[in-house]
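Since the structure comes first, as structure tokens, the remarks are kept for the end.
The values are calculated or read from the model by the stated rules, or taken from the named source; none is laboratory data. Predicted model only: the values in this text are computed from it and were never measured. Note: ideal-geometry Cβ built from the backbone for every residue, glycine included; neighbour counts use all protein chains shown. Keep in mind that these areas ignore ligands, DNA and RNA; they rest on the heavy atoms of the full protein, side chains included. Shrake-Rupley method; radii C 1.70, N 1.55, O 1.52, S 1.80 Å.
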Amino acid sequence: MAKLSTDELLEAFKEMTLIELSEFVKQFEETFEVTAAAPVAVAGAAPAAGGDAGGDAAAEQDEFDVILAAAGDKKIQVIKEVRALTSLGLKEAKDLVDGAPKPVLEKVDKDAANKAKEALEGAGATVELK
């Protein structure tokens, strides 16, 4: 096999998709037992751009859904908390609480999800974060 120059390798990489390049980096790391920190960071940014690099389980979740599992004994307090956390009116908040399990907030950051969970649990509800 003829040895490829750096320029030839770069041209070959330019023709690859991000998924193909990500798979190449993984195979390269396994073959040579090394870690390529910079290419992994670039490949890790690809799913954020809209692609799925094959279910990267090592990536930390940054968006959470706050799911109201059960209203508990203090239903009125839970309805008040749901209204405070969302822009729902009284009827919509009541319907959400009555129809539990339902999502209260979707795709929020970790801090907002934890604050919402604490507020709803403080009112007597059972809450899940997904």
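The amide H of Val127, built 1.01 Å from its N in the peptide plane, has Ala69 as neighbours under 5 Å, considering only residues 5 or more places off or on other chains. In this structure Thr86 has an accessible area near 30 Å², from a 1.4 Å probe over the protein heavy atoms. Here the spin labels are modelled as points 7 Å beyond Cα on the Cα-Cβ line, and at Ala69 and Phe28 they lie 4.4 nm apart. Converting the Cα gyration tensor eigenvalues of the range 64-129 into ellipsoid dimensions via √(5λ) gives semi-axes, longest first, of 16, 12, 10 Å.
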